[in-house]
Amino acid sequence: MKTYKIPIIAGDGVGPEVIAEGKKTLEATGRMYGFDIEWKEYPYGAEHYLATGELLSEDALKELSDYRAIYLGSVGDARVPPGVLERGILFALRFYFDQYINLRPIRLLEGVETPIRDKGPADIDYVVVRENSEDLYVGVGGRVKKGSVHRDADVTRNLYNVKFGLDIDSDSDEIAYQLGLISAEGTKRIMRYAFELATRRGRHLSSVDKMNAMTDIYGFWRQIFTETASRYPEVKTDFNLVDAMTMWLVKNPEWFDVVVAPNLFGDIITDLGAMVQGGLGLAPGGNINPKGTSMFEPIHGSAPKYKGLNKVNPIATIWAGAMLLESLGEMQAANGVMNAIQRNLRERKVRTFDLGGSSTTSEVGSDIARYVESPHRSD
Ligand code: IPM
Ligand code: MG
């Protein structure tokens, strides 16, 4: 039998609880579709950092390069200053493995209410392709007090290396700055991916930017979008300023099929999308490098106040597991997981508090795993 080796970083907060249900479901899927899974657990997260001072080890990164897909719970913990785990683990993984696509399906499944009046599953079904390696996320910034200083910074990627040398001379009491970077290579590849995806879906691609206010960075983005569009005449295109986009995504979600966005705007509109699809408990994401190591996660974060309560919805993580299977080429198995999630939601019986139920995380996971193995059961 085929065996997949899948590394797991369960991480912080509710990460371990939801990952446990993801494992349960994917193991059931393997039994059903004829493959074994060998999990390899990594300890990274707040606990490990507080105990050892280590965020990720160079050895672990090398080891992880041998795998095609990592299953991630979530990182983030109030005992660690904001940004340390995010930068040291989440971004470190995204950037090290050059997971330049952050793929986030926004789809209202049957049996789930959307807060948007008069909209249903037929209206809410699009995919956000969020650029995942550039923009204001490159980590070049700092604070400078009155006076003159020189600062060096660099952005190291598989595609390019950029060094900045900044001479700062300021008479403000203190300034903070953050540089955004968009490259031709990085933007072309995300556009290509988005156009290819649109070609396979509804042939409509919408781009997001803010080129009226930040003409350099987002003017470049829009230019590359337009240039790429000329090679895909069968795909209908439009571009949208991000502020207007948040309005359209609430008012007319049915207009959208594939949305391509720079990193920061993609981050923002996918939380909006998560609410529209029924809540963060239902929102998965894939950090994808089509030729390397990808990583799949629920987008909800560590939700520390629910940690250990067996309360939160595991569906985002299980759905991320379906995306993981898809990335391994296990299409049937991935569909099997989606059908099982859909069955659970349509029945409206075994559901967590966010969906108005009183079932636990593990009860929902078990219910979905059972549907995977017996798709036609009717109890
Ligand atoms: C996400 C998250 C992260 C991001 C945070 C935790 C740094 O919001 O994956 O959307 O901004 O990318
Ligand atoms: Mg986010």
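The values are calculated or read from the model by the stated rules, or taken from the named source; none is laboratory data. Fair warning: this is a prediction, and the values are worked out from it, not measured in the lab. Glycine also receives a Cβ, built like all others from the backbone with ideal geometry; neighbour counts cover every protein chain displayed.
Restricting attention to region 260-270 and to residues that are β-branched (Val, Ile, Thr) and assigned to a helix (DSSP H, G or I), the residue that is farthest from residue 241 (Cα to Cα) turns out to be 270.
When region 335-355 is filtered for residues that are polar (S, T, N, Q) and under 20 Å from residue 323 (Cβ atoms), the ones remaining, listed by number, are 335, 339, 342, 344.
Which strands (runs of 3 or more DSSP E) does region 122-221 wholly contain that include 1 or more residues that are in contact with a Lys or Arg (Cβ under 9 Å, 6 or more places away or on another chain), at pLDDT 95 or above and within 16 Å of ligand 1 (Cβ to nearest atom)?
On the way: elements: 125-131, 135-156, 161-181, 204-209.
Because the criterion is at least 1 residues that are in contact with a Lys or Arg (Cβ under 9 Å, 6 or more places away or on another chain), at pLDDT 95 or above and within 16 Å of ligand 1 (Cβ to nearest atom), the strands (runs of 3 or more DSSP E) in region 122-221 that meet it are 125-131, 135-156.
Between 188, 251, the distinction of being among the basic types (Lys, Arg) and within 21 Å of the chain's Cα centre (by Cα) belongs to 188 only.
In region 358-370, the residues that are within 16 Å of residue 342 (Cα to Cα) reach residues that are hydroxyl-bearing (Ser, Thr, Tyr) and in a helix (DSSP H, G or I) with C-beta atoms within less than 7 angstrom, at least six apart or across chains, in these pairs: 365/25; 368/25; 369/25.
Residues in region 69-96 that are within 14 Å of the chain's Cα centre (by Cα) and within 13 Å of ligand 1 (Cβ to nearest atom): 72, 73, 74, 75, 86, 90, 91, 93, 94, 95. Are any residues in region 225-248 of a type in the set (A, V, I, L, M) and within 16 Å of ligand 1 (Cβ to nearest atom), and if so, which ones? Matches in region 225-248: 242 only. If you go through region 339-354 and keep only what is surrounded by fewer than 20 Cβ atoms within 10 Å (Cβ to Cβ) and in contact (Cβ under 8 Å) with a residue 40 or more places away in the chain, you end up with 342, 346, 347, 348, 353, 354. Of the strands (runs of 3 or more DSSP E) that lie entirely inside region 1-99, those containing 2 or more residues that are among the basic types (Lys, Arg) span 2-11. Applying the criterion of being in contact with a strand residue (DSSP E or B) (Cβ under 6 Å, 6 or more places away or on another chain) and in a helix (DSSP H, G or I) to the residues of region 288-318, the residue that is nearest to ligand 1 (Cβ to nearest atom) is 316. Whether any residue in region 40-57 is away from ligand 1 (no atom under 16 Å from the Cβ) and modelled with pLDDT under 95 is what I want to check. Looking through region 40-57, at least one residue is away from ligand 1 (no atom under 16 Å from the Cβ) and modelled with pLDDT under 95.
Are any residues in region 234-246 assigned to a helix (DSSP H, G or I) and within 22 Å of the chain's Cα centre (by Cα), and if so, which ones? Working first, answer last.
Within region 234-246, the subset assigned to a helix (DSSP H, G or I) is 242-246.
Listed by number, the residues that qualify are 242, 243, 245, 246.
How many of the residues making up region 202-248 are crowded, with 18+ Cβ neighbours inside 10 Å and touching a residue at least 40 places away in the same chain (Cβ under 8 Å)? The qualifying residues number 12. Can you find a residue that is at pLDDT 95 or above and touching a Pro at 6+ places or on another chain (Cβ under 6 Å) anywhere in region 340-359? The answer is no, given that none of the residues of region 340-359 is at pLDDT 95 or above and touching a Pro at 6+ places or on another chain (Cβ under 6 Å). Here 285, 321, 273 are screened, and the one residue that is crowded, with 23+ Cβ neighbours inside 10 Å, within 16 Å of ligand 1 (Cβ to nearest atom), in a helix (DSSP H, G or I) and modelled with pLDDT of 95 or more is 273. Looking only at residues in region 259-315 that are within 15 Å of ligand 2 (Cβ to nearest atom) and charged (D, E, K, R), the one that is nearest to residue 159 (Cα to Cα) is 267. Pairing each residue of region 85-96 that is without any contact (Cβ under 8 Å) to a residue 60 or more places away in the chain with any residue that is surrounded by fewer than 22 Cβ atoms within 10 Å (Cβ to Cβ) and part of a helix (DSSP H, G or I), provided the two are 6+ apart or on different chains, yields C-beta distances under 7 Å for 96/61.
I'm trying to understand the selection: among the residues of region 123-149, which are crowded, with 17+ Cβ neighbours inside 10 Å and among the aliphatic types (A, V, I, L, M)?
From region 123-149, those crowded, with 17+ Cβ neighbours inside 10 Å are 123-138, 140, 144; that's our starting set.
Within region 123-149, 124, 127, 128, 129, 136, 138, 140, 144 qualify.
Quick check, is residue 120 surrounded by fewer than 17 Cβ atoms within 10 Å (Cβ to Cβ) and touching a strand residue (DSSP E or B) at 6+ places or on another chain (Cβ under 9 Å)? Give the steps one after another, and end with the answer.
Working: surrounded by fewer than 17 Cβ atoms within 10 Å (Cβ to Cβ): yes; touching a strand residue (DSSP E or B) at 6+ places or on another chain (Cβ under 9 Å): no.
It is false that residue 120 is surrounded by fewer than 17 Cβ atoms within 10 Å (Cβ to Cβ) and touching a strand residue (DSSP E or B) at 6+ places or on another chain (Cβ under 9 Å).
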